[in-house]
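The values are calculated or read from the model by the stated rules, or taken from the named source; none is laboratory data. This is a predicted model, so every value here is computed, not measured. Cβ coordinates were reconstructed from backbone atoms using ideal geometry, including for glycine residues, and neighbour counts include every protein chain displayed.
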Amino acid sequence: MRGLDHFSLALDSLKNGELIKHFEIDNYFFSRFENAPINECNFNVEVRLIRDNSNIDIVILSDGKYKTVCDRCTADIFLPYAFETEVFMKVSDEENPTDIETYYVSESANEISLAPIVYEAICLHMPMIRTFDCDNEDPRPCDDETLKRLEDVDFGESNDPWDALKNIDLN
């Protein structure tokens with residue numbers, strides 16, 4: 001990938017054993033991918049490659065923050081985000097089409113790029129619910145007006161918004 005050359009490793013230099021790489025990922029990294037779900041971020045990523053002949057285990061550890069919209073108050077927030085995952089790579093000219101969990105690299109390949117693997121790991125581990133305890137943030141990013149409106153909503157005696165749907169006549 002153009003502009004992400006530092007994520008590439010010469011395959012013949014990756015000997016049996018462990019290799020650890022560290023990357024700082026920011027907005028530029030995500031700008032290199034079409035339709036990236038992250039525009040503003042700052043991540044520290046550690047990639048551990050453990051090679052055993054043609055098998056390479058790749059452990060990715062990441063922490064940092066990315067800009068998104070809070071699901072609770074709709075304010076722009078920098079959501080703290082950390083994960084650890086493991087992916088597998090096999091150096092082989094024979095791919096197994098039913099093995100969708102393994103990256104295959106041709107034996108004739110000169111190098112491998114970790115950029116798409118790291119990108120995919122970050123995107124797949126993004127939290128489904130985008131909120132966090134921001135009370136200790138200074139300044140607090142919450143939209144207090146929206147939170148106040150949510151507190152003022154009257155759901156009736158049960159305070160359960162689903163109770164209102166119980167009496168709907170769909171006939």
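General remarks:
- All of (1) of a type outside the set (Lys, Arg); (2) at pLDDT 95 or above; (3) under 17 Å from Ser8 (Cβ atoms); (4) more than 15 Å from the chain's Cα centre (by Cα) hold for Asp57 with one exception: (3).
- Strands (runs of 3 or more DSSP E) within segment 1-107 that include 2 or more residues touching a Cys at 6+ places or on another chain (Cβ under 9 Å): 17-26, 55-69, 76-91
- Exactly one residue out of Tyr81, Tyr103 is among the hydroxyl-bearing types (Ser, Thr, Tyr) and under 16 Å from Cys123 (Cα atoms), and it is Tyr81.
- Neighbours by Cβ (under 7 Å, 6+ apart or cross-chain): first from segment 81-103, in contact (Cβ under 8 Å) with a residue 12 or more places away in the chain; second of a type in the set (D, E, K, R) and loosely packed, with under 10 Cβ neighbours inside 10 Å: Phe88/Glu101
- Residues of segment 19-35 classified as in contact with an Asp or Glu (Cβ under 7 Å, 6 or more places away or on another chain), under 20 Å from Cys123 (Cα atoms) and either touching a residue at least 40 places away in the same chain (Cβ under 8 Å) or surrounded by 10 or more Cβ atoms within 10 Å (Cβ to Cβ) (or both), total: 1
- Cβ-Cβ under 6 Å pairs, at least 6 apart or on other chains, segment 49-72 side free of Cβ contacts under 8 Å to residues at least 40 places away in the same chain and under 13 Å from Pro141 (Cβ atoms), far side part of a strand (DSSP E or B) and not polar (S, T, N, Q): Lys65/Phe78; Lys65/Pro80; Lys67/Phe78
- Scanning segment 113-150 for residues that are of a type in the set (Asp, Glu) and touching a residue at least 40 places away in the same chain (Cβ under 8 Å) turns up Asp143, Asp144.
- Checklist (1) at pLDDT 80 or above; (2) more than 24 Å from Phe23 (Cα to Cα); (3) surrounded by 11 or more Cβ atoms within 10 Å (Cβ to Cβ) applied to Ile129, failing item: (3)
- Failed criterion for Ile38 (all others in (1) touching a His at 6+ places or on another chain (Cβ under 9 Å); (2) hydrophobic (A, V, I, L, M, F, W, C); (3) touching a residue at least 60 places away in the same chain (Cβ under 8 Å) hold): (1)
- Residue match in segment 8-18 (condition: among the hydrophobic types (A, V, I, L, M, F, W, C), in contact with a helix residue (DSSP H, G or I) (Cβ under 7 Å, 6 or more places away or on another chain) and touching a residue at least 12 places away in the same chain (Cβ under 8 Å)): no
- Glu101 being at pLDDT below 90, exposed (fewer than 12 other Cβ atoms within 10 Å of the Cβ) and either on the phi < 0 side of the Ramachandran plot or within 17 Å of the chain's Cα centre (by Cα) (or both): yes
- Looking across segment 104-119 at every residue that is under 16 Å from Gly3 (Cα atoms) and either out of contact with any Leu (no Cβ under 8 Å at 6 or more places or on another chain) or among the small types (Gly, Ala, Ser) (or both), the one that is surrounded by the most Cβ atoms within 10 Å (Cβ to Cβ) is identified as Val118.
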